[in-house]
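What follows is a set of notes on a single structure, which appears directly below.
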Amino acid sequence: MRHSDEATPITELLDERRDLLALVRGMLGSGGELDSVVDETYRRWYELSGPVRAQIAAPGSWLTKVAGGICLARLALPVPGKAPAGRGIVWRAEAGPAEPVGPARRSLRRRRLEPTTPQQHDAVVRAVRQACAARDTAGLASLLACDVTAFFDGGGKIRALVEPVHGSDQVARTLLTLLSGHAPTTLRAQSVNGRSGLVVRYGHQVAAVIGLDVTGRHVVQVWVTLNPDKLRSWNPPGPAPRPCSGFRPYGQTSTY
């Protein structure tokens, strides 16, 4: 199981991907290869075993070197008609959260046994947001079921947690680590898949969407979507929206 101290602030993850895209653009120019090179870079990261990744002191530097190497390889194109020497790399399936069948079924059973009204659900979500805004680890943990599980979907396109995180204390610390960072990060409660959830913005960009499964007065499951592909519908092209009020890190206050 991964621990909360291995989580990385969302702002750092977004800046990291942005820097990789800038590096690739500088080496290859604009074009459709930008995202594919960055995605391949992250696939190579997830090809490493967990212990090997844990030994890399500066993941950003590692990713930069790999992205640069991929660009150089693409610039050194083979002569047409001649196959490149050496064996190709075979990637595993795209990295993503572990299959949550067991916990999901337990959560479904609990929700059936302890139905929660929309008003109760909304109240818990608001309380979670307030605890995040106050950086209140104990308060946030008290809103989570003792056996709560958090899942993280980076889609292999961002350096997100791979394994689920279990337990109220661990999940609380992990969420607060993810939400830490510099302004202008905001957190608002709004509709997520038909129910109240949390939407994290970094500037005008939606950086993460957090779904909360609530039973009674506690959150029993947390679903954090960080995958840029899945967030495209939250970031439509066009004029940037006005800055939203909400959670601001480092003790900055704002209205709900």
J(HN,Hα) series, segment 191-201, from Karplus relation 6.51 cos²θ - 1.76 cosθ + 1.60, nearest Hz, glycine and proline x: 5, 10, 6, x, 9, 5, x, 10, 10, 9, 10
Placed amide H near ALA208: partners under 5 Å, 5+ positions off or other chain: VAL200
Separation of the GLU163 and ARG195 label points, Cα + 7 Å toward Cβ, nm: 2.7 nm
Difference of contour (0.36 nm per residue) and Cα-Cα distance, GLN130 to THR117: 2.7 nm
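Read-outs: derived from the displayed coordinates by stated rules, not from any lab. For clarity, every value in this text was computed on a predicted model and none was experimentally measured. Here Cβ is always computed from backbone atoms with ideal geometry, including for glycine, and neighbour counts include all displayed protein chains.
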